[in-house]
Amino acid sequence: MKRAQTTIQFCIVKAGLFFRSVLGLMVILFSYSPTVSANSDQRFLLLESYPWAFYEDDQIRGASIDWLGDLARKHHFALTPVVTTYGRGIEMMKRGEIDYMVAPNSARYRDLSTPVFPVLTVPMVLVARPGISLTAPENLMALKSLGLVGGLTFDEITLDPVPLPPTEDVQPASGLRRMSAGRLDALIISSFGLQAEAARQDIPIHRWPQRSIGTITLSLFTSAKAADNPQTVAVLRAVKEARDTRSYLPFVARYLPPQ
């Protein structure tokens with residue numbers, strides 16, 4: 001009887017060792033990812049602007065957020081979106097805290113990052129509050145106030161040859177609110193951003209004078225430290241594929257007004 005108890009105890013100990021070994025192996029397997037290593041987390045800068053990236057009820061939302069999240073899930077990336085203003089974003093790039101950003105292909109970014117390839121050409125539109133004519137160039141110089149969205153400068157826009165007055169940097173939401181209140185004459189904004197923001201604020205934008213004013217080319221920029229990250233090549237390949245196949249369009253369409 002005593003010998004049988006010893007045998008049972010021995011088997012229990014062996015079984016315990018076996019299950020602990022299996023449990024340890026499972027922990028190792030489930031904590032290991034063949035596509036994303038522990039040091040592969042990277043930060044993607046998105047400038048705060050509706051409908052691309054914005055805060056709503058303390059939550060980050062937007063077409064760019066949705067698209068980046070889908071890209072990360074599909075390709076098993078570790079990408080963290082960083083949503084902030086233009087000025088803060090540039091300071092973060094200077095401190096090396098950002099790995100990627102999409103910004104105008106402009107000389108003022110060349111000392112911060114390296115442009116990899118163009119991602120998108122965005123049509124820009126000049127919109128004015130009712131009662132202001134945008135037909136003749138001389139009328140544009142008579143504007144008392146003109147907003148330019150998102151920290152853009154005129155040398156970053158492939159402009160139609162139209163003389164314009166001095167500008168001020170505004171956000172789409174505040175710019176349209178100021179125009180509705182008569183405190184801003186006109187605004188230069190992307191045509192998509194205008195439609196989406198006007199729909200959100202329920203502004204009858206079809207009654208406001210508009211004219212096409214050119215385009216801007218947005219390029220993907222990478223930081224110097226991104227070159228040392230094992231997932232960088234895969235991220236660049238995925239973004240380029242999304243650009244070529246236009247797979248980002250369904251995410252953009254979520255924020256367009258109903259046709």
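The values are calculated or read from the model by the stated rules, or taken from the named source; none is laboratory data. What you see is a predicted model; the values in this text were computed from it and never measured. Glycine also receives a Cβ, built like all others from the backbone with ideal geometry; neighbour counts cover every protein chain displayed.
Filtering the stretch 195-224 to residues that are within 30 Å of V116 (Cα to Cα) and among the aliphatic types (A, V, I, L, M) leaves A196, I213, I216, L218, L220, A224. Checking each residue in the stretch 169-185 for being in contact with an Asp or Glu (Cβ under 8 Å, 6 or more places away or on another chain) and under 20 Å from L47 (Cβ atoms) picks out Q171, P172, A173, L176. The number of residues in the stretch 188-228 that are under 20 Å from Y109 (Cα atoms), among the hydroxyl-bearing types (S, T, Y), under 18 Å from the mean Cα position of the chain (by Cα) and surrounded by fewer than 22 Cβ atoms within 10 Å (Cβ to Cβ) comes to 3. With respect to the conditions (1) more than 30 Å from S40 (Cβ to Cβ); (2) at pLDDT below 90, T215 lacks only one, and its number is (2).
Where strands (runs of 3 or more DSSP E) sit wholly within the stretch 165-253, those with at least 2 residues that are in contact with a Ser or Thr (Cβ under 9 Å, 6 or more places away or on another chain) occupy 186-190, 210-222.
Only one of the listed residues (A103, A173) is under 27 Å from R88 (Cβ atoms), assigned by TED's automatic domain parsing to the domain that holds R237 and among the small types (G, A, S). That residue is A103.
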